[in-house]
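All remarks here apply to the structure that follows.
Derivation of every value follows stated rules applied to the coordinates shown; laboratory data play no part. Quantities reported herein were computed from a predicted structural model and do not represent experimental measurements. Counting neighbours? That spans all protein chains shown, and the Cβs are built from the backbone with ideal geometry, glycine included.
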Amino acid sequence: MNKISLIIISILSLLAMLAGGCNQAAASTGVVEVRITDKPPDGVTSFVISTDVIQIHKADADDNTWITVFEQEESIDLLDVMGIEQVLGNCEVDAGTYNHLRMHITSVKVTLEGETEARDATVPSEWLKIIGTFEVEATEEATEEATEEATEGTAEEEGPITVLTLDFDAAKSIEITRVGADVQQLLFKPTVKLLTRKAAGVETESLLLIINEPEDESTVNTPELEVKGVTTPDAEVSINEQPAEVDAEGNFTAVITLQEGLNQIEVTASDHEGREASRILTITYTHVD
């Protein structure tokens with residue numbers, strides 16, 4: 001499963017407001033950092049998503065009240081950010097519970113294999129809306145002394161981090177309609193899951209870990225299951241604590257044996273810099289006579 005990542009870094013922010021259209025935050029705040037990463041589906045040589053606004057919604061706010069965390073025109077070719085997480089911007093936000101995230105899509109352009117010019121994909125809705133609850137936590141109230149340090153650029157950022165990942169299934173996010181060999185239409189149909197995790201400190205770059213097969217919460221009828229994915233080259237991968245072989249491009253695969261009923265599969269990647277990433281899949285094995 002491919003992904004676009006928006007990472008919400010929830011820390012007590014003692015820094016001045018960052019550029020990029022941030023709304024003014026209250027005293028108890030966290031920092032929102034937006035990142036993006038992905039791999040395009042087969043048969044596509046570029047998959048460019050353009051956005052100009054990303055907003056989040058606080059659970060106790062009016063339905064029409066949104067907090068802008070990113071505001072500038074940005075075009076991202078998902079092929080170019082394969083294996084990394086491109087930071088789009090960051091911003092202070094109020095600490096508290098949030099329940100929606102939305103991205104304003106201005107255009108989607110796709111270049112198909114064998115073609116040199118990008119085609120415009122139809123975007124049914126200009127706002128991509130994701131429903132999911134997450135917490136932005138502040139560790140403590142900012143003191144006058146700390147605020148002065150922040151103004152002078154000497155303060156350190158501390159506190160818990162809430163990481164949000166928009167996990168796109170890119171192969172399902174573009175629908176290609178053909179008549180014979182001719183392409184009639186490209187339709188952008190984003191398939192997204194919102195993943196959350198907690199971390200400590202401020203992340204500057206996350207370790208890539210994408211699970212291509214199997215699909216989470218799927219049901220299979222054979223006990224042998226092949227797990228495929230991609231990580232950052234030179235990373236080590238284990239699946240249920242068993243090592244998986246990783247090639248020079250970061251692709252990995254392994255076959256595991258399932259027990260009848262529910263199975264939890266934990267895929268973990270780590271590198272020599274001490275970074276780690278993990279995904280947990282729930283797979284149901286149903287025996288068929």
Got a sec? How would Asp120, Asp289, Asp63, Asp271 order by Cβ neighbour count within 10 Å, fewest to most? Asp289, Asp63, Asp120, Asp271
Take His57, His287 and order them by how many other Cβ atoms sit within 10 Å, fewest up front. His287, His57
Do the alpha carbons of any pairs in Lys129/Lys193; Lys189/Lys228; Lys109/Lys193; Lys172/Lys193 sit beyond 20 Å of each other, and which pairs? Lys189/Lys228; Lys109/Lys193
When Glu245, Glu266, Glu92 are arranged by how many other beta-carbons sit within 10 Å of their Cβ, fewest first, they go Glu245, Glu266, Glu92
